[in-house]
Amino acid sequence: MDMRTPLGKVRGLGSAKSGTDHFWKVRTTSVALVPLLLFYVVFLVMYVGRPYAEVVGALANPFVATINALTVIASVIHMRLGMEEVIQDYVHSESMKLLCLVLNAFFSLLIGGLCLVAVLKIAFAG
């Protein structure tokens, strides 16, 4: 049984088959971020007011560095997906939409790369 309207059938419009994938990626990154950010908040509360060298030493711990890297990766992916959705919903010019989507991808890559370099620099220098 076809659920499309007669006008939709004539225009050939239907599901783009990408909404479910996007939905699950956003939900998966959201669920992944809950324990990662909880760990991060607990870590920050434990080390508030401590000397700089002690905090850097704790951040250099391989487990903490891994959690930080995973938090960065999940956050950047979640941010990129969320902005993609906003751009696709509210930017109506196709050329401007394409430009914004490309800039969003490059911005996410830049921010993610810079954050991962910072995490790795602390992890290997500490």
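The values are calculated or read from the model by the stated rules, or taken from the named source; none is laboratory data. Owing to the predicted nature of the structure, the values given are computational and were not obtained by experimental measurement. Cβ sites come from the backbone with ideal geometry, for glycine too, and all protein chains shown count toward neighbours. With ligands, DNA and RNA removed, areas are computed over all heavy atoms of the protein, side chains included. Shrake-Rupley method; radii C 1.70, N 1.55, O 1.52, S 1.80 Å.
Expressed as a whole percent, the accessible area of the stretch 19-125 that falls on carbon and sulfur atoms is 76 (1.4 Å probe). Take the Cα radius of gyration of the chain and divide it by 2.2 N^0.38 Å, N being the number of residues; the result is 1.48. Between Thr5 and Leu110, the FRET efficiency estimated from the beta carbon spacing at R0 = 41 angstrom works out to 0.45.
Each of His22, Val91, Met46 was scored by the projection of its Cα onto the charge dipole of the stretch 19-125, and the greatest displacement toward the positive side belongs to Met46; charges sit on the C-beta of Lys, Arg, Asp and Glu.
The local environment of Thr28, defined by Cβ-Cβ distances under 14 Å, has a net charge of +2 under the rule Lys, Arg +1 and Asp, Glu -1.
Taking only DSSP H segments of four or more residues, each worth -39500 (n - 2.57), what value at 222 nm results for the chain once the sum is divided by all its residues, to the nearest 500 deg cm²/dmol?
Working: 5 runs with 104 residues, N = 126.
Here the helix-only value at 222 nm equals -28500 deg cm²/dmol.
Output the DSSP H helices from the chain with an along-axis C-alpha extent of no less than 27 Å and a mean Kyte-Doolittle hydropathy no less than 0.5. All intermediate terms of the calculation are to be shown ahead of the outcome.
Numbers: long enough: 19-47 (41 Å, 1.13); 62-90 (42 Å, 0.82); 94-125 (46 Å, 1.91).
The answer, listed by residue number, is 19-47, 62-90, 94-125.
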